[in-house]
Amino acid sequence: MSGKPFEPTAVDKHIGQRVQLRRVMMGLSQKELARICGVTFQQIQKYESAGNRISASRLFDLSSALETPISFFFHGLPGYMPEPNRSGRISRVAEQTENDPLSKNESLQLINLYWKLPSDEQRRTIMKMLRALNGVDN
C-alpha cells in the first residue's frame, strides 16, 4: 500500500451518482438496497458519495439489485477517451448540473410513479396529457 488516502476520480463520482439515481427511481432506500446486496447501508452511502470505489463484482451485484444493465452506470460519460490530468487520473467527466431535471427529487418521483402505473394504456394517457400541456404534437 502506498499510504495515500483514497481520492475518488470523476468516474467514481459519476458511477456513485448513477447508483443513487437508479435507487431513487426504483423507490428503494439505502437500507433496502444494502439488504438486497448484502452490505451495510453505510457502504451504500459511501458508494453513492464516491467515498469508496465500487469493485466490478459489486457493480454487477448493484446492477442486478437495481434491475438495470451495468452500462446504465456509465451512461453520460463522454464517448471519447478522456485526457488524464497531470497525476494521470481522469478528471473531466460529464457531471450533473443543478439545472439537470434528473437531479431533482420531484423528477425522480414522477418517473417512479409513471412506471408504477398498472397499464401501458394509462402511461400513454399520461404522456398524451403532458404533450398537450406542453404544446407538443404527437
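The values are calculated or read from the model by the stated rules, or taken from the named source; none is laboratory data. From a predicted model like this one, the values you see are computed outputs, not experimental measurements. A quick note on method: Cβ atoms are made from the backbone with ideal geometry, for glycine too, and the neighbour counts reach across all protein chains shown.
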Scope segment 14-30; condition of a type outside the set (Gly, Ala, Ser), at pLDDT 90 or above and farther than 19 Å from residue 110 by Cβ; matching residues: 15, 19, 30
Residue pairs meeting the criteria (Cβ under 6 Å; at least 6 apart or on separate chains; first aliphatic (A, V, I, L, M), in segment 111-129; second at pLDDT below 95 and part of a helix (DSSP H, G or I)): 111/25; 117/123
